[in-house]
Amino acid sequence: MHRFWQVEEVPDVPKLSTEEAACEAHFLSTCQRDETGRFIVKLPFKDNLLQLDNCRSLALKRFLILEKRLIRNPELQAQYVNFIREYEALGHCTEINESEDPPNKQTYYLPHHAVLRPSSSSTKCRVVFDASAKLSPSELSLNDVLQVAITGDISKMYRQILKALLDRSFLRIFYKEHPSLPLQVKELCTVTYGTASVPYQATRCLLKLVEEDGEDFPVAARIVKEETYMDDVLSGADSVEDAIEAQQQLKQLLGQGGFPIHKWCSNSPEFLEHIPVEDQEKRITLEEHGVNEAIKVLGLLWDPSADSILIAYRPNPTLHSQWPTKRTMYSEIAKFFDPLGLVSPVIVLAKLLAQKLWQLKSGWDDLVDEDIAQQ
């Protein structure tokens, strides 16, 4: 409940913890770039690496459960297969032979599963790797032995950064396209979402790129430092010409680090005339809200034609057909996302209602009283 209230607060000026400072020092001493300009980073391990369990049996058990789920859903299975095929075709993972491992080689096996994103304009099915998996509470997961640093749409941003060869044994997965095929072991070759250090390393590589190559692209360098959040660039200019110049500089600067940038969108049709259709963000239609075209920007909806920020909320129909419980009410209230505070006067009422529920110390599945239900 405490974190629920804090999530939209404006933070104080950040100060690096001892662990974050160590992570920064580790990055600066180990980060490299290959002959194409692409970054190579190492996993920032803590001192407890030797306590890491390889999770092989757990990862295999969870893959076999996943396989049964995919067999029951051929459409999902096809999407999953296509995802892994692309992953391998791009060189982001490679099949390995475990029997060739040297004695006592430390390894870690990542369980993985599907997350469906029907509203996504590109990837409907995304494979998620679980670096927090462990055999028991007393064991350590991969994330338990990695340092964590906090940071603030670049195509496949994480997967454009290579993992050092010696670290790839900690990023193993089990996979096969069909139950009739032999089981494969693959090693992930790039920075992998799901590992604790990823958001920091990815953002830090962007800043390192600006430090090393940004002098020739001053406009792009400023945008990457000041107007980029993870893989999303949110910027602007005083004229179409300036916007095009910024776009070209960003494309060149990020390209030198192996970061292709796409999904461009603008409230200026003139700007979009200079962008190939395949590089433009696909727009979604929200008929129930009377919006013909919109895109998602950092979790918010933007109608570029009207240059308007939208708040779209879809209430759970069961809330109006069944008596609410603490669980169903919290579930609905937690859906509100308003980082700019545009509808705070409404959301704060919902949060106060959640606070009242908490003070009553009711059970999660207890029916709430009539007064709260009416509110």
**OP:** With the full set of protein chains in place, find how many percent of the accessible area of the chain is carbon and sulfur; take the probe as 1.4 Å.
**Re:** 53
**OP:** Mind grabbing the accessible area of residue 362 for me, 1.4 Å probe, Å², rounded to tens?
**Re:** 30
**OP:** Skip the ligands, DNA and RNA, and give the accessible area per residue of the chain with a 1.4 Å probe, whole Å².
**Re:** 57
Original post:
So which of 68/282; 296/356; 296/351; 42/156; 156/351; 15/42 end up more than 27 Å apart by C-alpha?
Top reply: 68/282; 296/356; 156/351
**OP:** Run the dipole for the chain about the Cα centre, Lys and Arg Cβ at +1, Asp and Glu Cβ at -1, nothing else charged, and hand back the magnitude in debye, nearest 20.
**Re:** 1720
Subject >> Rg over Rh [alpha-carbon atoms, Kirkwood Rh] for the chain >> reply: 0.98
Original post:
Using heavy-atom solvent-accessible surface (probe 1.4 Å) with all chains present, what is the largest-first order of 65, 244, 372?
Top reply: 65, 244, 372
**OP:** Select from region 323-375 those trypsin sites (Lys or Arg not before Pro) which occupy a DSSP coil region and have at most 14 other Cβ atoms within 10 Å, ordered by residue number.
**Re:** 335, 361
Subject >> Which of 263, 296 is most accessible, then next, and so on - probe 1.4 Å >> reply: 296, 263
Subject >> Top positive-direction residue, dipole computed over the chain with Cβ charges, set 155, 342, 367 >> reply: 367
Subject >> Nearest-0.05 FRET efficiency for residue 334 and residue 96, computed from C-beta distance (R0 51 Å) >> reply: 0.80
**OP:** Determine the calculated [θ] at 222 nm for the chain from helices alone, applying -39500 (n - 2.57) to every DSSP H run no shorter than 4 residues and normalising by the residue count; nearest 500 deg cm²/dmol.
**Re:** -10500 deg cm²/dmol
Subject >> aspartates and glutamates whose Cα lies under 16 Å from that of residue 105, excluding same-chain neighbours fewer than 8 positions away >> reply: 53, 167, 187
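Need one number for region 295-375: average projected area of the convex hull over its C-alpha atoms, nm².
Hull-based average projected area comes out at 6.3 nm².
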**OP:** Place +1 on the Cβ of every Lys and Arg and -1 on the Cβ of every Asp and Glu in the chain, take the dipole about the Cα centre, and give the residue among 40, 206, 229 whose Cα lies farthest towards its positive end.
**Re:** 40
**OP:** Would you mind working out the magnitude of the charge dipole of region 129-237 relative to its Cα centre, with +1 at each Lys and Arg C-beta and -1 at each Asp and Glu C-beta, to the nearest 20 Debye?
**Re:** 500
**OP:** Tell me the label-point distance for the pair residue 89, residue 374, using the 7 Å Cα-to-Cβ offset, in nm and rounded to one decimal.
**Re:** 6.1
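The values are calculated or read from the model by the stated rules, or taken from the named source; none is laboratory data. Model, not experiment: these values are computed from the prediction. All Cβ positions, glycine included, derive from the backbone under ideal geometry; neighbour counts span all protein chains shown. Surface areas here come from the heavy atoms of the whole protein model, side chains and all, with no ligands, DNA or RNA. Shrake-Rupley method; radii C 1.70, N 1.55, O 1.52, S 1.80 Å.
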